[in-house]
1. So which trypsin sites (Lys or Arg not before Pro) in the stretch 134-200 pass both tests, a DSSP loop state and at most 12 other Cβ atoms within 10 Å of the Cβ?
2. Report, in whole Å, the centroid distance computed from the Cα atoms of the stretch 89-139 and the stretch 144-220.
3. At a 1.4 Å probe radius, carbon and sulfur cover how many percent of the accessible area of the stretch 98-150?
4. What is the pair-distance distribution P(r) of the stretch 117-206, computed from all Cα-Cα distances in 10 Å bins starting at 0, with each bin given as a whole percent?
5. Test of understanding: what is the full-extension gain from Asp110 to Lys181, defined as 0.36 nm times their sequence separation minus their Cα-Cα distance?
6. Go through the stretch 114-125 residue by residue and turn each phi into a ³J(HN,Hα) via Karplus (6.51, -1.76, 1.60, θ = phi - 60°); whole Hz please, and just put x for glycine and proline.
7. Sum up the charges of everything whose Cβ sits under 11 Å from the Cβ of Ile109, counting Lys and Arg as +1 and Asp and Glu as -1, but leave Ile109 out.
8. So how far apart, in nm, are the two label points at Glu161 and Glu62 if each is 7 Å from Cα heading toward Cβ?
Amino acid sequence: MWEQERGGADGADGTEDRREGSRRGRREVGGRGGRRAEGREGREGREGREARQELPPQSPEEQARAICLRLLTGMPRTRRQLADALAKRDIPEEVSEQVLSRFEEVGLIDDAAFAGAWVESRHRGRGLARRALAQELRTKGVAPTLVQEALEQLDSDQEEETARELVERKLRATRGLERDKRIRRLAGMLARKGYPEGMALRVVRRALEAEGEDPDGLMA
């Protein structure tokens, strides 16, 4: 009976020894694998840093071209806008002029086309008149002659038609207000969009007359 008990104890100890040995083996294998992985990652990191160090730095011309192409990818830009962007990134002026002139030669910069598209889009989408459009184009660095050429696609009749449409959209929102206040609000809306005062008052007066307001009490 004593032998049986001792054997049982020895058996239990043996099982524990085998389990502990198995765990040690796994830890050792894992440790070696971890060191191998760490060594491989270290070598790859060093190789990547060495490869980056071998790449020559970009020249100012390459930097300028990259900046312009990135900006032109999102939307058209004027030469002035691109020149300002290059100046902010400390690109030398002579390099900037050279790169921008090359972009103009190949058609990537076209201030005339930019101005024409701007006038059409902003007049149709926002109802801006020639005066407001001219101001916007000047702030973007478009030359006065190109601004004038772009504005020629809008004539007075088209401007007045757009003004009438703008007033008709806002007319209902002014109902219930005093007559003079309606006139000031509607004419002020047109003035902010660049319409001449005479045209604005004329369009508002006609719109209110059509609605039934007393024409004798309206401003001329």
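The values are calculated or read from the model by the stated rules, or taken from the named source; none is laboratory data. Quantities reported herein were computed from a predicted structural model and do not represent experimental measurements. Backbone-built Cβ (ideal geometry, glycine too); neighbour counts: all protein chains shown. Quick note on the areas: whole protein, heavy atoms, side chains included, nothing else; ligands and nucleic acids left out. Shrake-Rupley method; radii C 1.70, N 1.55, O 1.52, S 1.80 Å.
1. Arg175
2. Centre-to-centre distance over Cα atoms comes out at 29 Å.
3. C and S fraction of accessible area: 48 percent.
4. Bin by bin from 0 Å, the calculated values are 17, 47, 25, 9, 1.
5. Taking Asp110 through Lys181 to full extension adds about 21.1 nm, to one decimal.
6. 4, 5, x, 5, 5, 4, 4, 5, 6, 6, 6, x
7. 0
8. Each label point is offset 7 Å from its Cα along the Cβ direction, giving 5.4 nm.
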